[in-house]
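Asks: Would you mind keeping the following structure in view while I ask a few things?
The values are calculated or read from the model by the stated rules, or taken from the named source; none is laboratory data. Source: prediction; values computed, not measured. Cβ coordinates were reconstructed from backbone atoms using ideal geometry, including for glycine residues, and neighbour counts include every protein chain displayed. Protein only, heavy atoms only, side chains kept; ligands, DNA and RNA dropped before computing areas. Shrake-Rupley method; radii C 1.70, N 1.55, O 1.52, S 1.80 Å.
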Amino acid sequence: MATLYVASTETFVGKSAVCMGLLRRMQRDGFNVGYMKPVSVSVAHRADQVLDEDAAFIRETLGLSAPLDQIAPVLITPGVIDSIMRGQPNNFAKTLRDAYLSVSRDKDAMVLEGTNTWSEGALVDLSADQVTDLLHAPGLLVSRYNTSLAVDTILSVQRYVGDRLIGVLLNQVEDPQRDFVQSRVVPFLESRGIPVFGLLPHDSTLAGVTVEELIEHLGGQLIGKREWCHKMVDSLMIGAMGAEASLSFFRRRSNKVVITGGDRSDLQLAALETSTNALVLTGNIRPAYQVMDRAEERQVPIIIVPDDTLVTVDRAESLFGRVRFHQASKLSHFINLMENHFDFGRLYEALGMAVG
């Protein structure tokens, strides 16, 4: 049986979506697959249940039979952290090992979704290197490529884990950088013994969110009709400049959300003259009537939030740059990207998997 640990060194690099792409293709190629998220630090509370939502989604989407508490066996909740700080004994390694043996029974391949960074999980003695040691799992590193500094991170991971790193997937590569990455970065990494299994292009349709998701994430009061909130928001812009420069500034991006102070009617009106799909007004200040009238004409929802602009921008940015793969259309699109830009045959060879 082949086991693969899908790792990353930062959040929102598309790791969960990559796991889905791998599992879908393996299933299509005739392999009996299993999936686990050994350690979860992103825990949700649903009624009387504590769970990892991504793991639950993958289990349901792929029709996996293993129970969720085995697919995501170690949930790091505030209660778990408190018990560790109190010095209470635990044996999470045994919990994980037992779950792995159960889930992997009769499987051809197991895909393990790692934590966001190499250090997460260290509190329960299950950081990325400890998990890969415990389960004898080689690692595929998913790395966002913004600049050549990404190469530093990849080399550092190789130095840390050695031969357990069997390769890397470079994700979200911008078009202007693609030629350089293909002609310079890939050959360099290959020369250092790091196979590059794929280059996935940046795709704004994957990074975008709906206005509805933005409202749910930020909270606050909605002014406008709920049916306007199905619009996609591809990026955000901050309104903090003088009124004279605002119009040309807001014209630089389309399908955006503009975050600005609730008292800046001049910036709000300027944003509404450009391709803006939502306004977020900070400071719990209702907009002027002329702003509300213009927003209604343009069918642009306004969200009023109590936080200041800096806090609101930080919270909104956490929604962008990640694949919201629970949406069927985005998941399908991402899987197509992997089909076109990922070398599954080379990965199978590295894992010793033979397609029948």
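Asks: Ordering Glu113, Glu120 from largest to smallest accessible area (1.4 angstrom probe), what's the sequence?
Replies: Reading off the accessible areas and sorting them downward yields Glu120, Glu113.
Asks: Per q in 0.15, 0.21, 0.23, 0.24 Å⁻¹, report the Debye log10 I(q)/I(0) for the range 40-127, using one uniform scatterer on each alpha carbon and no solvent.
Replies: -0.61, -1.16, -1.35, -1.43
Asks: Please work out, to two decimal places, the log10 of the ratio I(q)/I(0) at q = 0.15, 0.25 Å⁻¹ from a Debye calculation in which every Cα of the range 162-252 carries one identical scatterer.
Replies: Ignoring solvent entirely, the Cα scatterers give -0.82, -1.21.
Asks: Moving on to the next point. Grab the Cα-Cα distance for Asn255 and Asp314, subtract it from 0.36 nm times how many residues apart they are, and report the gain in nm with one decimal.
Replies: Extending this stretch completely gives an extra 19.3 nm.
Asks: Another one. Mind checking the dipole of the range 33-168: about its Cα centre, +1 per Lys or Arg Cβ, -1 per Asp or Glu Cβ, Debye to the nearest 20?
Replies: I would put it at about 140 debye.
Asks: Report, in deg cm²/dmol and to the nearest 500, the calculated mean residue ellipticity at 222 nm for the chain, where each DSSP H run with n ≥ 4 adds -39500 (n - 2.57) and the sum is divided by the residue count.
Replies: Mean residue ellipticity, 222 nm, calculated: -12000 deg cm²/dmol.
Asks: Plugging the Kirkwood radius over Cα pairs into Stokes-Einstein for the range 231-283, at a temperature of 37 °C and a viscosity of 0.692 mPa s, what D comes out in µm²/s?
Replies: 309 µm²/s
Asks: Using a 1.4 angstrom probe, figure out how much accessible area the chain has per residue, in square angstrom, rounded to the nearest whole.
Replies: Here the residues of the chain average 46 Å² of exposed surface.
Asks: Using the basic label-point model (7 angstrom from Cα toward the beta carbon), what is the Ser204 to Thr61 distance in nanometres?
Replies: 2.4 nm
Asks: Identify which of Ile81, Ile259, Ile223 has the largest mean-square fluctuation in a Gaussian network model of the chain, with springs joining Cα atoms closer than 10 Å.
Replies: Ile81
Asks: Which three semi-axes in whole Å describe the equivalent ellipsoid of the range 111-194, each the square root of 5 times a Cα gyration tensor eigenvalue, listed largest first?
Replies: Three semi-axes, in Å: 26, 13, 10.
Asks: What list of ³J(HN,Hα) couplings, whole Hz, do you get for the range 8-20 from phi and the Karplus terms 6.51, -1.76, 1.60, once you set θ to phi - 60° and write x for glycine and proline?
Replies: 8, 10, 7, 7, 6, 9, x, 5, 5, 5, 4, 4, 4
Asks: Nearest 0.05, what FRET efficiency do Ser332 and Lys94 give at R0 = 56 Å with Cβ-Cβ as r?
Replies: Using R0 = 56 Å, I get an efficiency of 0.90.
Asks: With the calculation restricted to Cα positions, what are the radius of gyration and Dmax of the range 231-330 in angstrom?
Replies: Considering the range 231-330 through its Cα atoms, Rg and Dmax are 13.3, 42 Å.
Asks: Separate question: Find the all-direction average of the projected area of the Cα convex hull for the range 134-292, expressing the result in square nanometres with one decimal place.
Replies: One quarter of the hull surface, i.e. the mean projection, equals 13.0 nm².
Asks: Related question: Given a cut-off of under 8 Å on Cα pairs at least six residues apart, what relative contact order in percent is computed for the range 156-279?
Replies: Computed value for the range 156-279: 19 percent relative contact order.
Asks: What FRET efficiency do you get for Arg105 and His45 if R0 is 25 Å and r is their Cβ-Cβ distance, rounded to the nearest 0.05?
Replies: 0.25
Asks: How much accessible surface area, in Å² rounded to 10, belongs to the heavy atoms of Met237 with a 1.4 Å probe?
Replies: Met237 exposes around 10 Å² with every protein chain in place.
Asks: Select from Glu339, Glu190, Glu53 the residue whose mean-square fluctuation is largest in a Gaussian network model of the chain (Cα-Cα springs shorter than 10 Å).
Replies: In this elastic network of the chain, the residue with the biggest mean-square fluctuation among Glu339, Glu190, Glu53 is Glu190.
Asks: Please compute the length gained on full extension between Glu296 and Asp343, using 0.36 nm multiplied by the number of residues separating them and subtracting their Cα-Cα distance.
Replies: 12.1 nm
Asks: Please give the helix 289-298 orientation as an angle from the longest Cα principal axis of the chain, in degrees from 0 to 90, rounded to the nearest 10.
Replies: 60 degrees
Asks: Work from the charge dipole of the range 48-182 (Cβ charges, +1 for Lys and Arg, -1 for Asp and Glu, about the Cα centre) and give the residue of Trp118, Thr77, Gly162 farthest towards its positive end.
Replies: In the range 48-182, that residue is Gly162.
Asks: Please state the equivalent ellipsoid semi-axes for the chain: what are the square roots of 5 times the Cα gyration tensor eigenvalues, largest first, in whole Å?
Replies: Working through the eigenvalues yields semi-axes of 40, 25, 19 Å.
Asks: While we're on this one: At 1.4 Å probe size, with the rest of the protein present, what percent of the exposed accessible area of the chain is carbon and sulfur atoms?
Replies: Within the chain, the accessible surface is 48 percent carbon and sulfur.
Asks: With each pseudo-label sitting 7 Å past Cα toward Cβ, what's the Arg184-Met85 distance in nm, one decimal?
Replies: The modelled label-to-label distance comes out at 4.7 nm.
Asks: Can you give the angle from 0 to 90° between the axis of helix 53-62 and the longest principal axis of the chain, with both taken from C-alpha atoms, to the nearest 10?
Replies: Roughly 70 degrees between the two axes.
Asks: Would you work out the charge dipole size for the chain about its Cα centre, treating the Cβ of every Lys and Arg as +1 and the Cβ of every Asp and Glu as -1, and quote it to the nearest 20 debye?
Replies: Magnitude of the dipole: close to 360 debye.
Asks: Sort Thr260, Thr11 by heavy-atom solvent-accessible area, probe 1.4 angstrom, most to least.
Replies: Listed by decreasing accessible area, they come as Thr11, Thr260.
Asks: Too long at a 26 Å Cα-Cα cut-off: which of Lys107/Lys330; Lys37/Lys256; Lys94/Lys330; Lys37/Lys94?
Replies: Over 26 Å apart, Cα to Cα: Lys107/Lys330; Lys37/Lys256; Lys94/Lys330.
Asks: In percent, how large is the relative contact order of the chain, given Cα pairs closer than 8 Å and 6 or more residues apart?
Replies: 18 percent
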